[in-house]
Amino acid sequence: MSSERSKYDPSAIEPKWQARWEEGRTFEARRHPGRPKKYILDMFPYPSGSGLHVGHPEGYTATDIIARYSRNKGIDVLHPMGWDSFGLPAEQYAIKTGTHPAVTTGHNIATFKRQLKSLGFSYDWSRELATTDLEYVRWTQWIFLQMFRRGLAYQAEIPVNWCPELGTTLANEEVVDGKSEVGGHPVVRTPLRQWTLKITAYADRLASELEGLDWPETKKKQVDWIGRSEGAEVDFGIADRPEKIRIFTTRPDTLFGATYMVLAPEHALVESLATPAQREAVLAYRAEVAGKSDMDRTALAKKKTGVFTGSYAVHPLSGAELPIWIADFVLGGYGTGAIMSVPGHDERDFEFAREFGLPIVEVVSPDGGLHDAMTWSEAFADDGVSVRSSFLDGKKTAEAKAAMIDHLEREGLGVRKVQYKLRDWVFSRQRYWGEPIPIYFPVELAEGVVDPRHGAHTIRFDRPIALEDSELPLRLPDLEDFRPGDPAGALVKALDWRFFQKDGRWFARETNTMPQWAGSCWYYLRFLDPKNQEQIFSQQAYDAWMPVDLYVGGSEHAVLHLLYARFWHKVLYDAGVVKHPEPFIKLVHQGMILGENNEKMSKSRGNVVNPDDVVKQHGADSLRVYEMFMGPLEAVKPWQTNGVVGVRRFLDRVWNALSAAEGEGPLDDESNRLLHKTIKKVGEDIEALRLNTAISAMMILVNRLGDLDVVPVPAAKAFTMILSPFAPHLCEELWERLGEKESLAYAPWPSFDPALTVDDEVEIAVQVNGKVRSRVKLRRDATEADARAAVASDEAVLQHTRGKTEKKVIYVPGRILNFIVG
RNA sequence: GCCGAAGUGGCGGAAUCGGCAGACGCGGCGGAUUCAAAAUCCGUUGCCCGCGAGGGCGUGAGGGUUCGAUUCCCUCCUUCGGCACCA
């Protein structure tokens with residue numbers, strides 16, 4: 001053994017093959033007539049300043065394996081990558097340093113791209129796109145206008161978390177205890193004019209059309225989020241007044257049990273209902289509530305609070321007068337913002353009644369008998385039998401609900417109604433770094449003013465005008481100062497951009513921008529045809545690749561991104577732009593990778609692993625294989641640096657065993673069987689995304705082949721192929737050294753001989769009373785008699801059966817032989 | 001509080017139409033190689049008792065079904081994720 005063996009050197013191999021793939025345009029997606037296709041998509045990243053972390057490559061490696069495997073199986077693959085590049089961090093950096101967000105974004109994209117390329121992912125980079133690209137923004141705005149024209153984008157006064165000190169609105173998560181999370185400045189709930197998308201119009205379809213999709217628990221999360229509930233709206237009169245109070249209830253059967261009413265503090269009638277005696281208390285309470293964020297209103301409210309208005313409602317059926325209260329547990333944004341309170345049969349109403357000494361009446365009985373609800377310690381919210389309810393008496397809950405709604409509709413007192421928790425989507429932000437909303441408004445100039453940039457004027461927000469398609473894209477103006485501050489948005493400062501003249505009249509552009517979600521709602525569609533100047537994509541490109549067959553990304557997007565994207569897709573479906581009602585057939589969430597200390601990776605915890613370091617030390621292939629070997633893709637799992645070392649050793653052994661392959665000779669029978677079993681298992685495991693067990697099977701194989709004096713070339717090639725989706729650089733290099741001229745990217749996946757994947761002879765366990773006492777080798781198809789004969793003189797078995805009576809024998813061929821004795 | 005997922009060696013994890021628990025990897029121990037070390041290779045490694053042969057115990061806890069349960073059923077505990085007064 002004097003000949004010097006070459007060493008596995010990923011730092012030499014990996015750049016070599018990455019360059020070859022790029023020069024050869026190896027992974028540009030092409031469609032071949034008659035071949036099956038797969039559209040394999042990753043959730044594209046936000047290119048942050050800190051670069052890639054090891055969590056990113058987890059999902060990306062999994063999809064890359066599927067993509068590469070699919071190509072080897074003769075499937076046309078579309079596997080693109082791009083950038084979700086609008087977003088707050090670039091803007092905040094701009095505020096701090098004055099660097100334009102576009103510059104920061106460009107740098108960050110370059111870093112991400114370099115890092116992704118260093119990992120050898122087989123993306124079709126010719127289709128790369130960024131949501132900040134002007135051509136991309138154009139079509140994002142175009143879709144917005146589709147919605148606007150269909151009445152799905154409208155303006156509304158919506159209460160938002162406004163922080164005057166920071167000069168911006170904040171997300172609910174950014175508000176703690178009524179103060180901004182950053183800086184601790186006061187936050188107020190204030191209504192602001194906002195663009196809103198009518199996602200509620202699609203609530204039913206968004207819930208019901210999940211049905212056929214191959215998605216995990218995410219489906220249920222979305223259904224819960226949409227929160228459909230069926231019930232009725234009922235009108236209550238007001239004593240001595242003409243108005244009505246409309247309420248929503250899911251329990252119309254309990255109408256006779258209503259003993260008081262509660263309005264949300266922001267309900268329109270509150271002010272007029274407050275009697276002089278109560279007025280002060282009502283207004284004080286309302287002011288107090290207005291200062292609280294949604295979070296505080298809900299999370300901290302253990303104890304019910306509320307104030308009596310002094311007015312009374314009139315029960316629509318009994319005519320009884322019911323006191324009207326206001327309380328913050330009734331939400332202004334849900335239903336009608338008002339409820340009838342049935343304390344006997346609703347937990348919240350019960351608590352409230354107890355808190356304020358209001359009457360509690362039983363109208364649903366668990367057993368049909370009558371009970372005194374005032375003595376109860378909790379509400380009876382289950383189904384039962386109606387009592388004290390006139391024409392409902394004796395009916396079961398479901399039947400009573402229907403009977404009551406029928407009655408209300410007949411009498412014109414109420415209607416059947418479906419409600420959703422899902423709200424319309426507040427779509428505007430007061431930020432700079434987002435897509436401009438392609439809308440403008442007429443401007444009315446004050447007396448004597450000729451230019452709204454320098455004089456008093458009124459913007460007619462009630463008369464929004466859409467840009468023409470030909471006027472798109474509407475660019476962002478350049479700003480010196482990116483600071484937010486104006487409730488109308490950072491863009492108000494760009495006066496020359498904002499105000500313009502047309503046919504001698506002045507107009508003002510919308511100064512709100514779109515949220516970051518916008519760009520990510522439809523990027524999978526632009527990947528189909530990213531360079532198309534005329535259309536959002538061509539029909540041909542659509543037909544070639546849609547729908548997305550596999551979509552992989554974090555479960556943090558289970559609800560919002562995936563719901564928003566589905567919503568846009570359905571709008572485009574209704575507009576005839578896309579042909580499938582749903583965009584993503586199969587969805588998988590990769591689990592988070594934790595730091596070595598089992599905590600979430602973060603700079604502050606000091607447990608961040610940088611993929612660049614791993615690549616430098618062990619190569620991209622080791623990183624890829626390790627991340628897949630850690631455990632099931634969907635599981636949350638901690639990083640173990642030594643685990644990478646173990647995988648590196650595996651790849652070293654592969655290199656040593658296969659790079660020295662020689663001769664055409666056959667493998668010995670046992671190795672050959674193992675090879676065929678492994679080919680079978682790796683293929684099956686990849687298709688089921690069980691990548692960890694595929695790797696362990698290949699480890700077993702290399703451990704065996706490494707024991708041979710020499711591995712014959714055909715076996716080496718087969719092994720190289722099945723490992724190649726996982727460790728593509730190493731395998732391309734081996735493939736070349738094994739005498740192949742072409743890249744293995746499109747070489748056929750090896751087949752296996754099914755006969756070689758099952759053993760003729762198997763070792764089964766021999767038990768006595770369920771305890772393993774011996775083992776015996778048998779033919780796979782051995783009968784029970786064969787098995788018994790084989791162990792008839794087995795001393796270990798006899799030891800436990802001798803002198804005892806055989807009661808029963810269980811024989812499962814290929815598995816077990818169990819003697820039950822006593 | 002509600003919903004969902006999951007609890008298996010020192011660690012990551014395998015194995016569920018009920019049939020040999022702990023594959024594979026890490027770590028540990030012992031050995032080979034080396035002047036020595038690193039790297040590599042070989043052996044060994046769930047726990048307890050035993051010199052040994054061997055035996056017992058073991059998949060979060062407790063029950064149940066079964067010849068047989070990590071796998072099915074019931075009760076409970078813990079961890080993680082999501083939701084959070086939605087009438």
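The values are calculated or read from the model by the stated rules, or taken from the named source; none is laboratory data. Just so it is clear, the structure is predicted and the values come from calculations on it, not from any experiment. Cβ placement follows ideal geometry from the backbone for every residue including glycine, while neighbour counts extend to all protein chains displayed. Areas reflect the complete protein model, heavy atoms only, side chains present, ligands, DNA and RNA absent. Shrake-Rupley method; radii C 1.70, N 1.55, O 1.52, S 1.80 Å.
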Modelled FRET efficiency - R0 60 Å, residue A:290 with residue A:641, Cβ distances, 0.05 increments: 0.70
R0 of 51 Å, Cβ-Cβ distance residue A:415-residue A:760: FRET efficiency to nearest 0.05: 0.10
Size of charge dipole - chain A - debye, nearest 20, with Cβ of Lys, Arg +1 and Asp, Glu -1, no other charges: 800 debye
Cβ-derived FRET efficiency at R0 30 Å, residue A:649 paired with residue A:816, nearest 0.05: 0.25
Greater than 23 Å apart at Cα, pairs in A:531/A:579; A:677/A:741; A:219/A:421; A:38/A:586; A:586/A:616: A:677/A:741; A:586/A:616
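Where does the charge balance sit around residue A:781 when Lys and Arg score +1, Asp and Glu -1, over other residues with C-beta under 14 Å from its C-beta? Don't skip to the end; give the middle numbers.
Details: positive: A:777, A:779, A:780, A:815; negative: A:759, A:760, A:761, A:784, A:786.
With Lys, Arg at +1 and Asp, Glu at -1, the net is -1.
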Between 0 and 90°, nearest 10: helix A:669-687 axis offset from chain A longest Cα axis: 10 degrees
Rounded to the nearest 10 Å², the accessible area of residue A:700 at probe 1.4 Å: 100 Å²
Most positive-pole-ward Cα, A:716, A:482, A:50, against dipole of chain A from beta carbon charges: A:716
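Tell me the net charge near residue A:137. Cut-off is 10 Å between Cβ atoms, residue A:137 excluded, with +1 for each Lys or Arg and -1 for each Asp or Glu. It would help to have the intermediate numbers written out before the result.
Values: positive: A:138, A:475; negative: A:133, A:135, A:435.
Within the 10 Å Cβ shell, the charges total -1.
Specify whether the C-alpha gyration tensor of chain A places it in the rounded, prolate or oblate class, a ≥ b ≥ c being the square roots of the eigenvalues: rounded for a/c under 1.5, otherwise prolate if a/b is larger than b/c and oblate if not. Don't jump to the answer; show the numbers that get you there.
Values: a/c = 2.60, a/b = 1.41, b/c = 1.85.
Oblate shape, in that a/c is at least 1.5 and b/c is the bigger or equal ratio.
Run the helix sum for chain A: -39,500 (n - 2.57) per DSSP H stretch of 4+ residues, divided by residue count, reported at 222 nm to the nearest 500 deg cm²/dmol. Numbers along the way, then the final one.
On the way: 26 runs with 281 residues, N = 822.
Taken over chain A, the calculation gives -10500 deg cm²/dmol.
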Distance in nm between pseudo-label sites at residue A:669 and residue A:795 (7 Å out along the Cβ direction from Cα): 3.0 nm
Simple spin-label estimate for residue A:372 and residue A:7 in nanometres, 7 Å along Cα-Cβ: 9.0 nm
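Roughly speaking, to the nearest percent, how much of chain A's 1.4 Å accessible area is carbon and sulfur? Before the final figure, lay out the partial values.
Working: 18450 of 36640 Å².
Whole-percent figure for carbon plus sulfur exposure: 50.
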Acute angle (nearest 10 degrees) that the helix A:691-705 long axis makes with the longest principal axis of chain A, alpha-carbon atoms: 10 degrees
15 Å reach of a label modelled at residue A:126, 7 Å along Cα-to-Cβ, counting backbone N of segment A:517-533: A:527-532
Chain lengthening between residue A:481 and residue A:97 when straightened (0.36 nm per residue, less Cα-Cα): 137.2 nm
Set of lysines near residue A:808 by C-alpha distance (under 25 Å), chain-local residues within fewer than 8 positions excluded: A:771, A:777
Cα-based helix-to-principal-axis angle, A:620-629 vs chain A, degrees rounded to 10: 70 degrees
For segment A:659-676 versus segment A:577-616, the gap between their alpha-carbon centres in whole angstrom: 38 Å
Positive-end residue, chain A charge dipole about Cα centroid, Cβ charges, pick of A:442, A:80, A:357: A:80
Leading residue at positive end of dipole, chain A (Cβ point charges), from A:592, A:238, A:185: A:592
For a label point 7 Å along the Cα-to-beta-carbon line of residue A:393, residues of segment A:240-267 with backbone N under 19 Å: A:253-258
Cα centroid separation, segment A:333-350 to segment A:156-171 (Å): 29 Å
Within-15-Å neighbourhood charge of residue A:507 [Cβ basis; K, R +1; D, E -1]: -1
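Charges at C-beta only: +1 for Lys and Arg, -1 for Asp and Glu. How large is the resulting dipole of segment A:228-420 about its Cα centre, in Debye rounded to 20?
Working: 21 positive and 30 negative charges, 64 e Å.
About 300 debye.
Assigning unit charges at the beta carbon (Lys, Arg +1; Asp, Glu -1) and nothing else, what dipole magnitude in debye, to the nearest 20, does segment A:614-756 show about its Cα centre? Mind dumping the intermediate values first?
Numbers: 15 positive and 20 negative charges, 107 e Å.
About 520 debye.
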